[in-house]
Each structure stands twice: as structure tokens, then as C-alpha cells.
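The values are calculated or read from the model by the stated rules, or taken from the named source; none is laboratory data. This one's a predicted model, so the numbers in the text were calculated from it and none came from an experiment. Note that each Cβ is placed from the backbone with ideal geometry, even for glycine, and that neighbours are counted across all protein chains shown.
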Amino acid sequence: MHTMTNRLIARCLTALLLALPCLAVGADQEEPAVYVIKKGDTLWGLSDRFIKDPGYWPELWSKNGQITNPHRVYPGQKVRVFPDRLEFVQEGDQKSVAAARPEDAVQNVTEEQRFAIRGSEGYLMETGMKPFGSIIGGHHDRIIIGMDDIVYTDIGAVNGVKGGEKFSIFREEGAISHPVTNEIMGRKIVPLGTLQLTDIEQTASRAIITKTFKEISPGAYLLPYRDERRREVSLKMPSRQLKGNIVESYSGTTTIAAGDIVFIDLGSVNLAEPGNMLYIVRDVDLDRRYTEGRGATLPQELLGALVILETGRKTATALVIKSIDAIYKGDKIVSHTK
């Protein structure tokens, strides 16, 4: 019988490295029950009902490459139910497995969680990108500017703009260096809202604030309009293995937890895409007095998971969806392929 510690280590390793086999089932163990997927079932719901842990679904998904979208499992698929895990029956084995009785089926399976982009998450403006212009003043010299207020910008006809064009308003919070390599990854951008140009002069313009996320003041920068309507990201298996680090948090706080927005050092050049889920891990560092000369490679500590919301060329904005322990800048992120 495995100890609780061994089961935890094995489960973490399985979530991080798909190559590891499932835990062996003892010859004297009871034959697992088999559940047949019904319309409306999801990995989230199956994990919640059978394992009593809705957070188990990423592991279930990662171990079953035939499931490319965890929002969709199909009626007729069969799942072996063990006390500590679930296993999808491979297509070739489907005929040999007896289905569970209808009365054993689980009802009212929980809906799959989805991840929303609200437009206020922020991002890293990578090297080479520059603001298009700035707000140079508010109507009646207002310092605090809000919804429907009139402002003046340094964008004019010489910039090729026309009345009615929209721009995103943001605040820049300085250069962000990589916590491991010290490379400058970009400048942190905090979205403040949007404006629409109403009257254009040669080198200046009047505009109206059409949306606000935070307080706006003169000096705020302008960028070409980014679509800030609320939208959802569906989980998507990475096309290749991804490895990187958490570079910075949106809030700038030292400790990161579930629900926080973070910036990572993976982007489109790494084939990272919105919806990719990555595991947050940390190398185990033991006292060298007891490990010197042994050369043992220890299993990494699993800290949580995140989902990529938007990608730049070399960086991305992500949402931490689960945290088992405190997460910090510099912690590693890894993903799995199908």
C-alpha cells in the first residue's frame, strides 16, 4: 500500500510528466466501476462527483490525449472509476468493458468552468512598441477624469487619424526585467479605459471618454484601440511542450495566488496560445550537507496552474486558476502536449 506521501508525489509527477505510467493496481484490488458518459458530462463534473475534487480535472485531461477539448466529452465514452483516480477506456478496449447500470449514473454534473477576459488584465508592452500619443489635459483642467468627460490629446491630422477613431488609454508602470535572466521583457501596461476622437486639429484633438477601468489623469498614454469587450477563453492543448517562468504579477505583490493575473515569458514565438494551461512548479532545494555527492534529481514541487489569456510575441498575460502553495515571480511553468 502506498503511503499518502507517495501517492501525492506520484500524482504531482503524473501531472507534470505524461510519460509516467499510472499507479499500479494490485492484483487483489476490486475491479473498478465503469461509468458511461452522458450528454452534459464534463471533466470538471466527473472529477467533482467521483473524486470529490473538481481541481482533479486537469490531470484527467492531461493523461488522455484523445480529449483535445476538456469542455467536450462524448456520450458513450467509458471511464474506469478508482478511489483515487479516473481512467478513460481507450477506444480499442471499449467493447470489452461492461457499462455501469443506469441507476448508478451520476446526475446533475457540474458545468465546466470557463475563463473570461474583461479587457482590464494588462500586459507587457514589448521592446520596440511605443505609445501612439497621450492625454494632455482635461476639460476645465480636471485632474481626475471619468466616464463621458472631455479630454484633449496630442494626436492630430498629422498622425493620419479621423474623427470617431477609438484609442485605448493606459498607464505605464516601468520596465519589467526577467527574475532569472535579468533581460528586459517589456513595460507593464495597466489599462485605464478608452476614448473616442471627436474634433481633429493638425497636431491635437478633442475626445470623449467612452469606458473607464481606473481613474484617468492627464499624461496617460494612448495606444491603437484594443477590443475590450468581455470574451471567454476555452482550454486548448498546447501544440508543443512549453517551459518558462512567471515574470511579474499585475498587482505587483510578492505573493501570487489563485485569481491573480500574471505575466509570463512565453508568447507566439514559442507557439503559446490563449487557452493553454500550464502547471506552476518549483525545484526542491535541500540542505547540501545531506545531498552532496549523491547527484539525485528530486521531483519538482507542484504549486498550482494557470491559463494563458492573451499572447504577445515573447510574453503573455495569464490567470492563475489554482494555487496549492504560495507562488512567486521566477517560479517555473510547464505544459504538456497531446
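The criterion of at least 3 residues that are touching a Gly at 6+ places or on another chain (Cβ under 9 Å), outside the structural domain of Phe263 (by TED's automatic domain parsing) and among the β-branched types (Val, Ile, Thr) is met by the following strands (runs of 3 or more DSSP E) wholly inside the stretch 186-240: 205-212.
Of the residues making up the stretch 302-321, just one is surrounded by fewer than 20 Cβ atoms within 10 Å (Cβ to Cβ) and under 17 Å from Gly55 (Cα atoms), namely Ile321. Scanning the stretch 201-221 for residues that are among the hydrophobic types (A, V, I, L, M, F, W, C) and either at pLDDT 95 or above or surrounded by 21 or more Cβ atoms within 10 Å (Cβ to Cβ) (or both) yields Ala204, Ala207, Ile208, Ile209, Ile216, Ala220. For the stretch 177-200, a residue qualifies if it is surrounded by fewer than 16 Cβ atoms within 10 Å (Cβ to Cβ) and on the phi < 0 side of the Ramachandran plot, and the qualifying residues are Ser177, Val180, Thr181, Glu183, Ile184, Gln196, Thr198, Asp199. A Cβ distance below 6 Å, combined with a sequence gap of six or more or placement on separate chains, defines the contacts here; from the stretch 310-335, residues that are free of Cβ contacts under 8 Å to residues at least 40 places away in the same chain and in the same structural domain as Asn276 (by TED's automatic domain parsing) reach residues that are surrounded by 21 or more Cβ atoms within 10 Å (Cβ to Cβ) and in a strand (DSSP E or B) in the pairs Ile324/Leu303; Ile324/Gly304; Asp325/Leu303.
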